[in-house]
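The structure appears right after this line, and notes come after that.
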Amino acid sequence: MYRLAWTLYLVMALGGVLWIGIRQGRIPVSLFVDPQEWWLDLLLGLGAGLLVLGFWGLTARFLPIARRLEEQLAAVLGPLRAADAIALAVLSGFAEELFFRGAVQGSWGWLLATLLFALLHSGPGPAFRFWTLFAAVAGGLFGALMAWRGNLLAPVVAHFLVNAVNLRRLTSRPRDSARLGPIEGDKET
């Protein structure tokens, strides 16, 4: 499963690079970082990532469908070593932001990039539809950072932080899907 994820992210990153390169004729360093205010983008990315993680924490605390989603994602992911979780978070955060914020948003705008990003985070059943909605909110925030700051550093840092924390948390948790029971509309297999 992880080979497929690695391949998908590499293709996404290469696709983003090609798209931007063809559209602009070059890939400017300024797309990735503002050399004068990199520290501000880093702080904004950390803040945005913590905001998304905090929002998810509240959501998971109060909404059973969010907890069910965590159970389903944990089952799909299985165990993952800390180093692998960090590597996957680096690759996914960079590749997705380069593609969606750098290429798609740069060509077609914030709204379409946010919608396509949300659709990438979909799956069967109500819990995964909830994930799609949550990804739309997070993607909208990441896109707003890109639009405001004009570079990918803040969205990449935020996305990496969210993925690193959640991947590690989900893949190291004890498995107990019977604990929550089904959410109405979920199909039990």
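The values are calculated or read from the model by the stated rules, or taken from the named source; none is laboratory data. Owing to the predicted nature of the structure, the values given are computational and were not obtained by experimental measurement. When we count neighbours, we look across all protein chains shown, and the Cβ atoms used for this are built from the backbone with ideal geometry, even at glycine.
Summary table below
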| quantity | calculated |
| --- | --- |
| Those residues of the range 65-106 which are touching a Ser or Thr at 6+ places or on another chain (Cβ under 9 Å) and acidic (Asp, Glu), in sequence order | Glu71, Asp84 |
| Condition met for Val76 (within 19 Å of Ala164 (Cα to Cα), surrounded by fewer than 20 Cβ atoms within 10 Å (Cβ to Cβ) and modelled with pLDDT of 95 or more) | no |
| Any chance Ser92 is over 14 Å from the mean Cα position of the chain (by Cα) and either over 20 Å from Thr171 (Cβ atoms) or not aromatic (Phe, Trp, Tyr) (or both) | no |
| Residue match in the range 2-13 (condition: among the aliphatic types (A, V, I, L, M) and over 25 Å from Met146 (Cα atoms)) | yes |
| Verdict on Leu116 being part of a helix (DSSP H, G or I) and either over 18 Å from Val17 (Cα atoms) or among the hydroxyl-bearing types (Ser, Thr, Tyr) (or both) | no |
| Among the candidates Arg68, Arg61, Arg23, Arg3, residue that is among the charged types (D, E, K, R) and within 15 Å of Arg101 (Cα to Cα) | Arg23 |
| Residue count, the range 145-155 (criterion: assigned to a helix (DSSP H, G or I) and surrounded by fewer than 17 Cβ atoms within 10 Å (Cβ to Cβ)) | 2 |
| Pick from the range 156-173, criterion more than 15 Å from Leu53 (Cβ to Cβ) and either over 23 Å from the mean Cα position of the chain (by Cα) or in a helix (DSSP H, G or I) (or both), ranking: modelled with the lowest pLDDT | Thr171 |
| Filter pass, Leu98 being at pLDDT 95 or above and surrounded by 14 or more Cβ atoms within 10 Å (Cβ to Cβ) | yes |
| Restricting the range 31-61 to residues that are within 19 Å of Ala136 (Cβ to Cβ) and without any contact (Cβ under 8 Å) to a residue 40 or more places away in the chain, the residue that is surrounded by the most Cβ atoms within 10 Å (Cβ to Cβ) | Ala60 |
